[in-house]
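Single-structure report; data block below.
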Amino acid sequence: MHKKIFIPGPVEVKEEVLAKMATPMIGHRSKEASELQRSITAKMQQLWYTKHQILLSTTSGSGLMEGAVRSCTRKRAAVFSVGAFGERWYKMAKANNVPADLYQVEPGQATLPEMVDKALATGKYDLITVTHNETSTGVQNPVEEIAEVMAAYPEVVYCLDTVSSTGGTKIEVDRLGVDICITSTQKALGLPPGLALCTMSEKAVAAAREVEHRGFYLDLLSLYDFIQKKDYQYPSTPNISLMFALDYQLDRILAEGPEERFARHRAMAEYVRDWAKAHFALFPEEKYCSNTLTVIANTRGINVAGLINRLKERGFVISNGYGDLKEKTFRIAHMGDLTLAEVKELLDNIEELL
């Protein structure tokens with residue numbers, strides 16, 4: 001029996017989207033490959049409200065996160081963390097010998113604009129990283145307010161991790177002043193894992209040109225320059241099968257309508273939040289709650305592992321808490337092509353088990 005997954009990724013993928021991965025192979029140096037990548041770029045630019053170049057990487061989102069902090073930090077990076085994936089960006093910087101400082105908050109709290117302003121006012125940093133949507137704590141950071149701060153620091157490269165929000169939440173890259181906006185396929189875009197995408201502004205390109213040791217496979221400047229020189233191709237072989245599925249799924253997303261898709265995600269999020277408040281409590285502060293997954297505080301002290309196992313017997317999969325929050329919280333994702341009806345069905349089953 002297929003178990004329907006409501007976890008923070010991978011997500012449920014439509015059969016017709018999976019079928020596109022069986023499209024007959026083409027050469028990655030062919031005209032067809034260039035056309036495929038140009039098509040993906042144009043659609044991602046619409047979804048991200050950007051004119052910036054789109055880069056594609058056969059990695060998870062972590063690949064482009066590492067590439068960004070290594071390729072574009074000339075002086076020092078300020079890493080703002082609201083959980084495990086913000087911390088990961090800091091670990092990447094340190095592992096690549098990139099000078100960086102970590103700015104953390106208590107789990108469930110958000111990165112506030114005044115924190116960013118205080119750090120950047122020191123003049124120590126020429127790159128910052130922010131997690132838009134943190135799946136370990138269920139926090140969605142106030143990027144609209146952070147954008148106002150970033151406007152005062154035009155020399156700083158702004159990297160934003162939208163791995164678990166792109167496709168489920170409106171992210172206007174150019175208006176927000178984001179230079180490198182990163183996502184991957186297995187979350188709210190509704191595809192299998194295996195590809196990551198990012199924007200790269202001219203400011204980020206100029207910064208990368210000043211960095212001598214950018215690595216090799218994850219060198220964003222190498223990806224950028226190759227696209228310009230070789231007509232939308234890549235230095236190494238990309239995952240062409242998944243690119244066919246991505247191109248098709250982006251058509252589906254644009255046909256649904258980005259605003260309609262974001263509204264569907266909001267409706268699912270609000271329903272789960274109301275349910276969580278009625279039966280348990282929300283883990284993050286409500287005004288910073290994610291629209292693509294909800295982290296629920298286990299205020300009733302239930303056996304989370306037991307609940308998960310019993311749900312599996314009924315054909316549903318949710319997630320326990322992340323790391324130290326394992327039994328203290330549980331997580332319900334509502335992203336991709338899931339519907340409000342499917343979310344209601346899941347919650348009805350949880351209520352019966354409780």
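Derivation of every value follows stated rules applied to the coordinates shown; laboratory data play no part. This structure is a prediction, so every number in the text was calculated from the model and none was measured. Here Cβ is always computed from backbone atoms with ideal geometry, including for glycine, and neighbour counts include all displayed protein chains.
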- [ ] State which entries of 3/43; 170/229; 14/312 exceed 23 angstrom in Cα-Cα distance in the structure shown.
- [x] 3/43; 170/229
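Report the far tail of the P(r) of the chain, meaning the percent of Cα-Cα pairs longer than 31 Å.
33 percent
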Task: Virtual spin-label span in nm between residue 76 and residue 91, 7 Å along Cα→Cβ - done: 2.4 nm
Open item on the list: With viscosity set to 1.306 mPa s at 10 °C, what whole-number translational diffusion coefficient in µm²/s follows for the stretch 206-354 from Stokes-Einstein and a Kirkwood radius over Cα pairs?
Closed with: 85 µm²/s
Task: Magnitude of the charge dipole, the chain, Cβ model with Lys/Arg +1 and Asp/Glu -1, debye to 20 - done: 720 debye
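Would you calculate, for the chain, the mean residue ellipticity at 222 nm contributed by helices, counting each DSSP H stretch of 4 or more residues as -39,500 (n - 2.57) and dividing by all residues, to the nearest 500?
-13000 deg cm²/dmol
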Task: Distance in nm between pseudo-label sites at residue 270 and residue 302 (7 Å out along the Cβ direction from Cα) - done: 2.4 nm
Task: Sorted by Cβ neighbour density within 10 Å, fewest at the top, the residues 311, 18 - done: 18, 311
TODO: Work out, step by step, the length gained on full extension between residue 255 and residue 324: first 0.36 nm times the residue separation, then minus their alpha carbon distance; give nm to one decimal.
DONE: 20.8 nm
TODO: Give the relative contact order (percent, whole number) for the chain; include only Cα pairs under 8 Å separated by 6+ residues.
DONE: 25 percent
Open item on the list: What does the charge count around residue 34 come to, taking other residues whose C-beta lies under 14 Å from its C-beta (Lys +1, Arg +1, Asp -1, Glu -1)?
Closed with: +1
Task: Sites excluded, GluC sites (Glu not before Pro) in DSSP loops with at most 15 other C-beta within 10 Å, longest stretch of the chain - done: 1-154
Open item on the list: Quick check: the distance between the Cα centres of the stretch 107-153 and the stretch 62-79, to the nearest angstrom?
Closed with: 15 Å
Task: Neighbour-count ranking [beta-carbon atoms within 10 angstrom, fewest first] of 169, 294, 185, 41 - done: 41, 169, 294, 185
Task: Charge dipole of the stretch 15-254 about the Cα centre (unit charges at C-beta), most positive-ward option of 146, 96, 201 - done: 96
